[in-house]
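This report concerns only the one structure given below.
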Amino acid sequence: GAPIGPDDPLAQWLRREPSDSEAALLRLFTALTRGEHRLVHSLLNALSPEQLRQPAALFAQWRVDAVDSSAQATLRAALAAQIARMPPLPAHHWRLLLADELRRQGELDTLREWLNPLPDARLDTRLLRLRSLALGIEQNEPIGGYPELIAQAQAQGAWRIMHQASYEYSLVLSRGGDPKAARAVLDQALPLASQQMDPRSLSELQLALGALLALQGDADGSQDSLQAALTQAELS
């Protein structure tokens, strides 16, 4: 978000004395996401030792307080330990925040470690894209990264991630002039998505197949795949 202007009602809320620990941490995280780093320092200084061990405070310290790599690694490890103890939904939220911040800082080696092994199938595909970046897939090394990602996701039963990776890999192969390999990827992924009864993934995979068949001049097959993609999209 944009920095908070002096007339923004949010500014008054942020500077008001918080009513409890949860409110204090919410103010801290809001100030951080709006780029109010001076206020973040002030709010951190007002937190108790117990509050400073909470995820929002650890994340804020990592972002604005850690001045060397050793301090950053310590705070990151503390945050990772907190995430490991969380229920799936809040863990997902914090895992994404940490991974995206590692991407922003260019810490791709750490990002690879953080996203290995892959999270389970309940999580969405934003983590996949971050891991793709860490593997170099978005840095013109697509062929080396995707097969590993697909195999690892399949072995762990992370089906949504496997299907999304297969969809993206088929597009990479097709654009690279290897339609036969692209079709092989889709032929492997489509039956698995059907077994999992995952209409969202089926829709994406059928869409990729329809585009591939169109490039190969199979108008009828392409139309059938696109119609199947539309049907699955409506179901999802």
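Just to be sure I understand the filter: pairs with C-beta atoms under 7 Å, separated by 6 or more residues or on different chains, first member in the range 151-165 and at positive phi, second member open to solvent by 10 Å² or more (accessible area, probe 1.4 Å) and of a type in the set (A, V, I, L, M, F, W, C). Which pairs pass?
Within 7 Å, the pairs are G157/A121.
Mind checking which pairs have a first residue in the range 18-30 that is at pLDDT below 75 and a second that is part of a helix (DSSP H, G or I), Cβ under 7 Å, 6 or more apart or different chains?
P18/A24; P18/R27; S21/Q51
Given (1) in contact with a helix residue (DSSP H, G or I) (Cβ under 8 Å, 6 or more places away or on another chain); (2) at pLDDT 70 or above, where does A77 come up short, assuming only one miss?
Of (1) in contact with a helix residue (DSSP H, G or I) (Cβ under 8 Å, 6 or more places away or on another chain); (2) at pLDDT 70 or above, only one is false for A77: (1).
Of the conditions (1) in contact with a Leu (Cβ under 8 Å, 6 or more places away or on another chain); (2) open to solvent by 40 Å² or more (accessible area, probe 1.4 Å), R38 satisfies every one except a single condition; which number is it?
Single failed check for R38: (1).
Which pairs do you get when a residue that is among the basic types (K, R), found in the range 99-111, comes within reach of a residue that is in a loop (DSSP other than H, G, I, E, B), reach meaning Cβ atoms under 6 angstrom, with the pair 6+ apart or on two chains?
none
Being modelled with pLDDT of 85 or more, of a type in the set (A, V, I, L, M) and part of a helix (DSSP H, G or I) is true for just one of A233, A189. Which residue is that?
A189
Checking the conditions here, which among L215, L235, L230 is of a type in the set (A, V, I, L, M), open to solvent by 60 Å² or more (accessible area, probe 1.4 Å) and in contact (Cβ under 8 Å) with a residue 40 or more places away in the chain?
Exactly one residue qualifies, and that residue is L215.
Please find, among Q61, Q72, the residue that is out of contact with any His (no Cβ under 8 Å at 6 or more places or on another chain), within 19 Å of W94 (Cα to Cα) and free of Cβ contacts under 8 Å to residues at least 12 places away in the same chain.
Q72 is the lone residue from the list that is out of contact with any His (no Cβ under 8 Å at 6 or more places or on another chain), within 19 Å of W94 (Cα to Cα) and free of Cβ contacts under 8 Å to residues at least 12 places away in the same chain.
Only residues in the range 41-57 that are farther than 12 Å from L75 by Cβ count as the first member; pair them with residues that are assigned to a helix (DSSP H, G or I) and modelled with pLDDT of 90 or more, Cβ under 6 angstrom, at least 6 apart or cross-chain, and list the lot.
Going by the 6 Å Cβ cut-off, the qualifying pairs are L47/A57; Q51/A57.
The values are calculated or read from the model by the stated rules, or taken from the named source; none is laboratory data. Since this is a predicted model, take the numbers as computed values, not measurements. With ideal geometry, Cβ positions are generated from the backbone for all residues, glycine too; neighbour counts draw on all protein chains shown. Each accessible area value is taken on the protein alone, full model and side chains, heavy atoms only, with ligands, DNA and RNA left out. Shrake-Rupley method; radii C 1.70, N 1.55, O 1.52, S 1.80 Å.
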